[in-house]
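Please read the structure below before turning to the comments.
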Amino acid sequence: MLLLSKMDKFKVVTYDKKYRADFETLNRDWIERFFKMEEEDFNILKNPESYVINRNGEIFFALYEKRVVGTAAMIAGSDGVYELAKMAVTKDFQRKGIGQMLLNQCIKFAKKKNAKEIFLITNNILKPALNLYASCGFVLNAGNDDERYQRGNTKMNLVLK
């Protein structure tokens, strides 16, 4: 496992099978709190290796004293485009910079892979998440052509090249 970043007692690491259940638990928590699980959620959360890792993507985990407190996935698409997906921070660790750490690692990862763009699908009721994405340069895309999620009413893009 590769250590990527430090912030006090926090660190961000790359995917390891021992964190697979945490990936699902953290994401189910926020999805079920605000929405409902959908087919695409089950696809990625039940199959992170085949859906993300084995397709030139990565899943990052924020750890606090060896406890997983956050996660985010970078899913490789076509033509140098990555999707930022399944970003979650446990409720008691929100607003502590964990989301920013994860997002920074995702952007670094995409740049290292020579990606030209990152996109994400979210919902406009998730104001703190929208603000975080905007603070890192993501802009709203009025042409949301992604229909995988019923809740996905907002698309944002970050152009890297």
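Among what's in segment 87-143 and is of a type in the set (S, T, N, Q) and closer than 15 Å to residue 57 by Cβ, pick the residue that is farthest from the chain's Cα centre (by Cα). Please lay out each step first, then the result.
Of segment 87-143, the ones of a type in the set (S, T, N, Q) are 90, 94, 100, 104-105, 114, 122-124, 131, 135, 141.
Within this subset, residues satisfying the condition of being closer than 15 Å to residue 57 by Cβ are 105, 114.
On the way: 105: 10, 114: 18 Å.
The extreme case among them is 114.
How many residues does segment 1-23 contain that are charged (D, E, K, R), at pLDDT 95 or above and surrounded by fewer than 18 Cβ atoms within 10 Å (Cβ to Cβ)?
4
Can you go through 161, 96, 113 and tell me which one is out of contact with any strand residue (DSSP E or B) (no Cβ under 6 Å at 6 or more places or on another chain) and at pLDDT 90 or above?
Checking each option against the conditions leaves just 113.
Results for (1) at positive phi; (2) buried (at least 21 other Cβ atoms within 10 Å of the Cβ); (3) without any contact (Cβ under 8 Å) to a residue 40 or more places away in the chain; (4) of a type in the set (Gly, Ala, Ser), shown as yes or no for each residue.
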residue: 37; (1), (2), (3), (4): no, no, yes, no
residue: 53; (1), (2), (3), (4): no, no, yes, no
residue: 61; (1), (2), (3), (4): no, yes, no, no
residue: 85; (1), (2), (3), (4): no, yes, no, yes
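The values are calculated or read from the model by the stated rules, or taken from the named source; none is laboratory data. Here the structure is a predicted model, which is why all the values come from computation and not from measurement. Heads up, the Cβs are rebuilt from the backbone with ideal geometry, glycines too, and the neighbour counts pull from every protein chain shown.
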